[in-house]
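Down below is the structure, laid out as structure tokens.
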Amino acid sequence: MNQMRYWLGFNRVPRIGPVRLRNLLNYFGDIETAWHADRAQLRAAQLSADAIEKLVAVRAEIDLDAQMERVERAGIHLVCWDSPDYPELLKHSDQPPPLLYVRGSLEIADELAVAIVGTRTPTSYGKDVTRKLTYELARNQVTIVSGLALGIDGVAHETALEAGGRTLAVLGCGLDYIYPASHRALAERITSQGALISDYPLGTKPEANNFPPRNRIISGLALGTVVTEAGLGSGALITLKYANEQGRDLFAVPGSIFNRASAGANQAIANGEAKMVCSIEDILGDLNLNMVMQQEAAREVIPDTPTERLIANALGPEPLHIDDIVRETRLPTAEVVSTLVVMELKGSVRRADNARYVIGSTLHQGAL
């Protein structure tokens, strides 16, 4: 994709994030025209003077072809807003990153995802409960999302792999850095059963201020976020905060009142910010995922839930964008996305192109 080089270019320009890039795309119509715009045109597009100078400076220094070759040599592929494999849940979060660097694969099934996060210094209890919940979620074909950090994140990724499931790891650095270094072998295994993901350019080191923003991607990729063990100052609570802002479900596992490592999770439950998790059913039921395995086995079954019928009635032979489906059905975006994934697995609907769906071959009008 020739245009991808310009997405990569803008990704390396300080001061131009999702909001400003969206404004430029709306003004110029496409990414290539925006990249080549002169100062006067950029001012007319209401780009700030500081951002204009940053863009001009990067354009003068960067070799886009060389950068693309560097990405390809690293075994990384790029996914932008316009890419058909850009994750739907993330796309419908607040200010989704314009460009993702991906090692591994992103699949339709990854839209049925749950984030599991927690402290970097878990207790035996925290590890055990993380293993139990992760294993059962993965066995129910739910993709596990986390941040590859020490502690709970690592346990979640490891357990998902052991269960034969898929897992996505979101890094707070370029994908040419694996942080922590002790997780290099784990990272390699993840690429065979999921993906490493970052919105940071290659060469970006794992600096402390990179990690809170990446938590927004972790929660944005998931239908819900589970905190299995976290103290009051844990970064996992930042992920929970982002999940709440994105309108996603929040869960937390209760722990001993005498254990500081559980203080943050307990507080989230006590404040009503997160739903208490005592078993896997607490998560699957709330996210409408408790029938995933049975639904996948029934690929050609006529829609048999009210939500599926509502979506099927909104669709027709002409492609309909997911935003229009949300407006037509008046259902939450996360529920529409998860149901569409299940319906697509059944063959009830078909993805026509990026974020647009049509009635699948297994549905006939008489069944609606």
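The values are calculated or read from the model by the stated rules, or taken from the named source; none is laboratory data. Quick caveat: nothing in here was measured; it's all calculated off a predicted structure. Cβ sites come from the backbone with ideal geometry, for glycine too, and all protein chains shown count toward neighbours.
Odds and ends about this structure:
- Subset of segment 173-215 that is touching a Gly at 6+ places or on another chain (Cβ under 6 Å), in contact (Cβ under 8 Å) with a residue 60 or more places away in the chain and assigned to a helix (DSSP H, G or I) - its residue that is nearest to Glu162 (Cα to Cα): Thr191
- Among the conditions (1) outside the structural domain of Val142 (by TED's automatic domain parsing); (2) crowded, with 21+ Cβ neighbours inside 10 Å, Arg59 misses just one, which is (2).
- Pro254 part of a loop (DSSP other than H, G, I, E, B) and surrounded by fewer than 24 Cβ atoms within 10 Å (Cβ to Cβ): yes
- Filtering Trp35, Trp81 for residues that are in contact with a Lys or Arg (Cβ under 8 Å, 6 or more places away or on another chain), surrounded by 17 or more Cβ atoms within 10 Å (Cβ to Cβ) and over 16 Å from Leu100 (Cβ atoms) leaves a single hit, Trp35.
- Exactly one residue among Glu281, Glu273 is acidic (Asp, Glu) and either more than 25 Å from Thr333 (Cα to Cα) or without any contact (Cβ under 8 Å) to a residue 12 or more places away in the chain (or both), and that residue is Glu281.
- Residue check for Thr307: at pLDDT 80 or above, among the hydroxyl-bearing types (Ser, Thr, Tyr) and either within 22 Å of the chain's Cα centre (by Cα) or surrounded by fewer than 17 Cβ atoms within 10 Å (Cβ to Cβ) (or both): no
- Among (1) modelled with pLDDT under 95; (2) buried (at least 18 other Cβ atoms within 10 Å of the Cβ); (3) not polar (S, T, N, Q), the one test that Ala298 misses: (2)
- Checked against the criterion of being more than 19 Å from Ala265 (Cα to Cα), touching a strand residue (DSSP E or B) at 6+ places or on another chain (Cβ under 8 Å) and in a helix (DSSP H, G or I), the candidates Ala138, Ala169, Ala156 yield just one match: Ala138.
- Some residue of segment 345-352 being assigned to a helix (DSSP H, G or I), at pLDDT below 85 and under 18 Å from Glu88 (Cα atoms): yes
- Qualifying residue in segment 91-114 (condition: of a type in the set (Asp, Glu) and out of contact with any strand residue (DSSP E or B) (no Cβ under 9 Å at 6 or more places or on another chain)): yes
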